[in-house]
Structure formats: C-alpha cells, structure tokens
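Below you'll find the structure, written out as structure tokens, and then a few comments.
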Amino acid sequence: MRAERNDHRIAQAQAIADLNDTFRAGLPITSENPLRFSPGLLRLLEGLPAFDFFQQRAELIQLVTDHDCSGLSADEAKRDFGLFQWRGRQCCWKIEYFSADLAERSRNPADPAMTMRVLTIMLFSEF
C-alpha cells in the first residue's frame, strides 16, 4: 500500500513537472498562460524607453524559457522554480497553480483542465 502511494506521488509529480516544462516552453505568455513581473523587477524596468523595456522583458522571459531543469528528477522537484542571473542581479521564477478562474489554489496541479499556471519572475530578494 505504501509503495503504491509513493508510486502515485511520483507519477503525479512527473505529470506536474512535464506540464510545467511545456508551460515554460510556450512563453511568451498569452491570456491562457499568465505571466507576472514582481514590483522590484518592474521598478528596474520603469522609465526605460519602450524598445529597451520590451527588450529587457524579452531577455527575462528567454532566461526562464531556457532554464535547464533536467538535472532534477520529478521526485525532487516539480520544476516550478528556478534561479538565474540577469544583468548582475540574482533573480528567480516561480510557477503557481490556481483554479481555472484564478479564484483559488488548484486542488490538482496535474490536471490541466482544472489548473491555470501563473509564472512570476522576480528578484530573489522578493521571494
């Protein structure tokens, strides 16, 4: 019984990890895949000319998209968090799981029909 529960937990973690990888690979974000920038990152981008703002935003998204989570097994992580350097600053990203209407946390992040993933990119000091 215990082994079955462990196998189920590992299978569910792997399903979540695979969905997270697909989600990150699908960036840039559409309304189906919300993306948020933390207040600290937005302050750093504030006041930039439009081209520079969008270029730096694209750099951040590319760093998240390219983040290598391959060294982690699903049992160790659901691949919903990563650390990276951006322009000399320690940053991170985090995927959170909400109900499809974003009203509450998802009860089953392994079920894409009932889960909306939201990715936040932030300064590590804001985590």
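The values are calculated or read from the model by the stated rules, or taken from the named source; none is laboratory data. The shown structure was predicted, so the numbers you read here are calculated from the model rather than taken from an experiment. In this analysis, Cβ positions are derived from the backbone assuming ideal geometry, glycine residues included, and neighbour counts consider all displayed protein chains.
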Task: Residues of region 76-127 satisfying the condition of being within 14 Å of Arg36 (Cα to Cα), more than 10 Å from the chain's Cα centre (by Cα) and aliphatic (A, V, I, L, M) - done: Leu102, Met116, Met122, Leu123
- [ ] Kindly establish whether Met116 is farther than 28 Å from Arg9 by Cβ, at pLDDT 90 or above and assigned to a strand (DSSP E or B).
- [x] no
Task: Number of the exception - Gln90 against (1) out of contact with any helix residue (DSSP H, G or I) (no Cβ under 6 Å at 6 or more places or on another chain); (2) touching a residue at least 24 places away in the same chain (Cβ under 8 Å); (3) among the polar types (S, T, N, Q) - done: (1)
Open item on the list: Take Lys78 and tell me if it is modelled with pLDDT under 90 and within 18 Å of Phe127 (Cβ to Cβ).
Closed with: yes
- [ ] Residues being surrounded by 14 or more Cβ atoms within 10 Å (Cβ to Cβ) and more than 21 Å from Arg117 (Cβ to Cβ): count how many of those fall in region 77-92.
- [x] 1
Task: Selection from region 34-76 of residues that are in contact (Cβ under 8 Å) with a residue 60 or more places away in the chain, outside any strand (DSSP E or B), of a type outside the set (Ser, Thr, Tyr) and under 18 Å from Val118 (Cβ atoms) - done: Pro34, Pro39, Gly40, Leu41, Leu60, Ile61
TODO: Pick out the one residue from Leu44, Leu19, Leu27, Leu35 that is at pLDDT 90 or above, surrounded by 14 or more Cβ atoms within 10 Å (Cβ to Cβ) and more than 30 Å from Asn6 (Cβ to Cβ).
DONE: Leu44
